[in-house]
Amino acid sequence: AESAAPGGETNVSIAWENVGVAAPYRDYRVAIRLTGLSKSGGRPAKPIIVVTDATIRGWLPGPHTTKAAVHIPKAARSGRYELSVGLVNPVTKSPAVRLAIEGRDAGGWYPVSHLDIRR
């Protein structure tokens, strides 16, 4: 797993594919959610959500790649975090698009990796 320090940044690269027949017309944004994992398996109430500037509006069918620098808040606790992706409404920061992959959680996010935050 990758690691980052509180107050630092980590770079995330995501490969996507629009398998539909048209480009999306709405300005949904690529977002990253980091959810802390405790040793007992519980999760804290407030995940870190980073909405990137990457929009999916106009993505024609086919492959796309987004790259984003994810800033880790200084107040982030050390530990292992689940890294999830979503295509969100930029105002509400809530997932607005169902992806054609498995693993969607109850909130509409898709866990894809982990990140260790270390002081």
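With the condition being surrounded by fewer than 18 Cβ atoms within 10 Å (Cβ to Cβ) and β-branched (Val, Ile, Thr), I'd like the strands (runs of 3 or more DSSP E) fully within segment 1-117 carrying at least 1 qualifying residues.
Once the strands (runs of 3 or more DSSP E) in segment 1-117 are filtered for at least 1 residues that are surrounded by fewer than 18 Cβ atoms within 10 Å (Cβ to Cβ) and β-branched (Val, Ile, Thr), what remains is 9-18, 48-55, 62-71, 110-117.
Within segment 4-56, restricting attention to residues that are among the polar types (S, T, N, Q) and modelled with pLDDT under 90, which residue is nearest to SER113 (Cα to Cα)?
Selected residue: SER38.
Could you please tell me which pairs satisfy a Cβ distance under 6 Å, a separation of 6+ or placement on different chains, a first residue in segment 4-15 that is in contact (Cβ under 8 Å) with a residue 12 or more places away in the chain, and a second residue that is hydroxyl-bearing (Ser, Thr, Tyr) and open to solvent by less than 20 Å² (accessible area, probe 1.4 Å)?
ALA4/THR10; ILE14/THR66
Do any residues in segment 68-82 that are touching a residue at least 24 places away in the same chain (Cβ under 8 Å) and farther than 8 Å from GLY7 by Cα have Cβ atoms under 7 Å from those of residues that are of a type outside the set (A, V, I, L, M) and open to solvent by less than 20 Å² (accessible area, probe 1.4 Å), where the two are at least six apart or on different chains, and which pairs are they?
ALA68/THR52; VAL70/THR10; ARG77/GLY36; GLY79/GLY36; TYR81/THR35; TYR81/GLY36; GLU82/THR35
The values are calculated or read from the model by the stated rules, or taken from the named source; none is laboratory data. The structure presented is a predicted model; accordingly, all values stated were derived computationally and were not measured. All Cβ positions, even for glycine, are placed from backbone atoms using ideal geometry, and neighbour counts span all protein chains on display. All accessible areas refer to the heavy atoms of the entire protein, side chains included, with ligands and DNA or RNA removed. Shrake-Rupley method; radii C 1.70, N 1.55, O 1.52, S 1.80 Å.
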